[in-house]
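Below is one structure, written out as structure tokens; comments come after it.
The values are calculated or read from the model by the stated rules, or taken from the named source; none is laboratory data. From a predicted model like this one, the values you see are computed outputs, not experimental measurements. In this analysis, Cβ positions are derived from the backbone assuming ideal geometry, glycine residues included, and neighbour counts consider all displayed protein chains. Only protein heavy atoms, including side chains, enter the accessible area calculation; ligands, DNA and RNA are left aside. Shrake-Rupley method; radii C 1.70, N 1.55, O 1.52, S 1.80 Å.
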Amino acid sequence: MAPYIPQNYLPNLKKYKYQAIDKSLISKYVLASYWNHLVEIFPLWMAANMVTLLGSLHILVAMVLNQVYAPNLQDECPRWVYFAFAACVWIYGSFDAVDGKQARRTGTASPLGELFDHGCDSLVVSLIMLLYATVCQLGETWWTVALVFFALTNFYMSTME
């Protein structure tokens, strides 16, 4: 069986450094301070991948609520469920924003960690769109399919290098 990465390319993995460019004014002037304080909540012994996983688990909790209260993506949920959806998405987004900071803070940033982060993000994008479909009561329609498709297309196009 052929290796996934040829031997002559393996040294390049050690040289790889992820560099995201965020030109958002809100990120720079509003959220950066929040994220810098948030990352300090996590202990130095906690792996950045654990931060990623904990954030992703919040979306899974929201999906469990979704399946209990609106399995067809159309039923009206109790009001607190919508607030729980919002809180879970906010926590996921916050944890996703600081997992890289945690990796750099602990000196454990790596291409494998980045792959894990983007892998979790790619799964979560679909789930968040299903939550959105529930909030909008779209149901199991082509609108929901289009919503998930375009969200995934946007995600994959923006993360291609």
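Criterion applied to VAL68, VAL148, VAL64, VAL125 was being at pLDDT below 95, farther than 26 Å from LEU31 by Cα and of a type in the set (A, V, I, L, M, F, W, C), and the one residue passing it is VAL148. Total residues in segment 110-161 satisfying the condition of being over 19 Å from ALA97 (Cα atoms), in contact (Cβ under 8 Å) with a residue 12 or more places away in the chain and polar (S, T, N, Q): the figure is 3. For segment 7-17, give me each residue that is assigned to a loop (DSSP other than H, G, I, E, B) and open to solvent by less than 100 Å² (accessible area, probe 1.4 Å). The one that is assigned to a loop (DSSP other than H, G, I, E, B) and open to solvent by less than 100 Å² (accessible area, probe 1.4 Å): TYR16.
Matching residues to (1) within 21 Å of the chain's Cα centre (by Cα); (2) closer than 19 Å to THR159 by Cβ; (3) hydrophobic (A, V, I, L, M, F, W, C):
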site: ASN8; (1), (2), (3): no, no, no
site: LYS17; (1), (2), (3): yes, yes, no
site: TYR34; (1), (2), (3): yes, no, no
site: TRP45; (1), (2), (3): no, no, yes
site: VAL81; (1), (2), (3): yes, no, yes
site: TYR92; (1), (2), (3): yes, yes, no
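As a summary of the residue check, GLY139 satisfies the conditions (1) open to solvent by 30 Å² or more (accessible area, probe 1.4 Å); (2) at positive phi except for the one numbered (1).
The requirement of being in contact (Cβ under 8 Å) with a residue 12 or more places away in the chain, farther than 30 Å from THR141 by Cβ, polar (S, T, N, Q) and open to solvent by less than 50 Å² (accessible area, probe 1.4 Å) is fulfilled nowhere in segment 66-86; no residue meets it. Would you be able to say whether some residue in segment 36-57 is within 23 Å of ALA151 (Cα to Cα) and open to solvent by 80 Å² or more (accessible area, probe 1.4 Å)? Checking segment 36-57: not a single residue is within 23 Å of ALA151 (Cα to Cα) and open to solvent by 80 Å² or more (accessible area, probe 1.4 Å).
May I ask you to verify whether LEU147 is in contact with a Phe, Trp or Tyr (Cβ under 9 Å, 6 or more places away or on another chain), of a type outside the set (Phe, Trp, Tyr) and either part of a helix (DSSP H, G or I) or closer than 30 Å to GLU76 by Cβ (or both)?
Working: in contact with a Phe, Trp or Tyr (Cβ under 9 Å, 6 or more places away or on another chain): yes; of a type outside the set (Phe, Trp, Tyr): yes; either part of a helix (DSSP H, G or I) or closer than 30 Å to GLU76 by Cβ (or both): yes.
When the stated conditions are applied, LEU147 passes them.
Could you list, in sequence order, all residues of segment 89-109 that are open to solvent by less than 60 Å² (accessible area, probe 1.4 Å), free of Cβ contacts under 8 Å to residues at least 40 places away in the same chain and either touching a Gly at 6+ places or on another chain (Cβ under 6 Å) or hydrophobic (A, V, I, L, M, F, W, C) (or both)? Within segment 89-109, ILE91, TYR92 qualify.
Residue-by-condition table, conditions (1) among the charged types (D, E, K, R); (2) over 15 Å from ALA62 (Cα atoms):
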site	(1), (2)
ARG79	yes, no
ALA84	no, no
ASP96	yes, yes
ARG104	yes, yes
GLY107	no, yes
